[in-house]
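The values are calculated or read from the model by the stated rules, or taken from the named source; none is laboratory data. Computed from a predicted model, the values in this text were never measured in an experiment. Note that we place each Cβ from the backbone using ideal geometry, even for glycine, and neighbour counts take in every protein chain shown. Please note that ligands, DNA and RNA were not included when accessible areas were found on the heavy atoms of the full protein model with its side chains. Shrake-Rupley method; radii C 1.70, N 1.55, O 1.52, S 1.80 Å.
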Amino acid sequence: MDLQQTAQLLANGIAVGSIIALAAVGLTLTYGILRLSNFAHGDFMTLGAYLTWLANTSGVNIWLALILGAIGTVGGMLLSEKLLWSPMRERRATSTTLIIISIGLALFIRNGIIFIWGGGNQSYDLPVASAIDILGVKVAFYRIVVVILAILAIVGLHLLLENTKIGKAMRAVADNVDLARVTGINVDRVVIWTWVIAGTLTAFGGGMYGLITAVRPNMGWFLILPMFASVILGGIGNPYGAIAGAFIIGIAQELLPYLSTALAESLNLPWLAIGNEYKLAVALLIMVLVLLVRPQGLFKGTL
């Protein structure tokens, strides 16, 4: 087993985990506060990446383009709240109905993106940046940028949840919406802020994913399984748990195929090897094991 290769894959896993973490936090917030398992979340992530790409290729600086992409994604989420989720809550729709609607919304967004921008891969208009040597490991510049931006976003989220009125109100609504309403908390305002925060983090995740890979219509759909696996692993409704779960999933997806192949070669058991094309299966395996062994996740599922 090549230690340098292992370190390289570990660095890649941290970068991917950072992106999954941002999107998974948005997903766990919408479930913890709105009790909505939103299968369109990955496609909103794709929308954020495409809006970032559109702004960037129109001459906008990439960092400003990320902000514009986030604003557009938040607008799309608020529109879906107004047209879909709010009416469904008023009608007390079942969780099964909400899941079916979210799948339909995901298909609508994905096919809308294909209709407008086509099904091909797109790339940002960025200068070529040399890889940076970290303790002998060559790490792509934009992967380091992704990790730093993700850490800053996570710190900002922590400060918002712990030190602001809206953060405390979000935690109260997540614990007991009826009690929160009785105590005078404006639940509708909390709902709006939930979509704003979820949309911003999700769009940043999609935009930053475009920094390390191509922007394509199905990018968010292929990340929806790792997102849900991260949420379940960390504890549903717990944003900090989702972050921890995302890093575990991201690193596992990068390392396990390589380690299993090395083990299969050393033991001469080719059936043990997991190819890179089965990375998503790693997330599925972890999710199933968690549901079987510790269904409440690693941490308590609450905000």
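If the chain linking Ser130 and Leu285 were pulled fully straight, counting 0.36 nm for each residue of separation and taking away their Cα-Cα distance, it would gain 52.2 nm.
Note on Ala262 and Leu3: the model spin-label points, each 7 Å out from Cα along the C-beta direction, lie 1.1 nm apart. The residues Phe115, Phe247, Phe141, sorted by heavy-atom accessible surface at 1.4 Å with ligands and nucleic acids left out, run Phe115, Phe141, Phe247 from largest to smallest.
Sorting 159-166, 284-291 by their mean Cβ neighbour count within 10 Å, with the most densely packed peptide first, gives 284-291, 159-166. Packing around the peptides 255-263, 13-21, taken as the average count of other Cβ atoms within 10 Å per residue, puts them in this order, highest first: 13-21, 255-263.
Using all Cα-Cα distances in the chain, what percent lands in each 20 angstrom bin from 0 up to the longest? In whole percents, the pair-distance histogram is 33, 57, 10, 0. Model label points for Glu90 and Lys165, set 7 angstrom from Cα along the Cα-to-Cβ axis, are 2.7 nm apart. Dipole check for the chain: with +1 at the C-beta of Lys and Arg, -1 at the C-beta of Asp and Glu, and the Cα centre as origin, the magnitude is about 800 Debye.
Pop out the carbon and sulfur fraction of the accessible area of the chain as a percent, whole number, probe 1.4 Å. That fraction is 67 percent.
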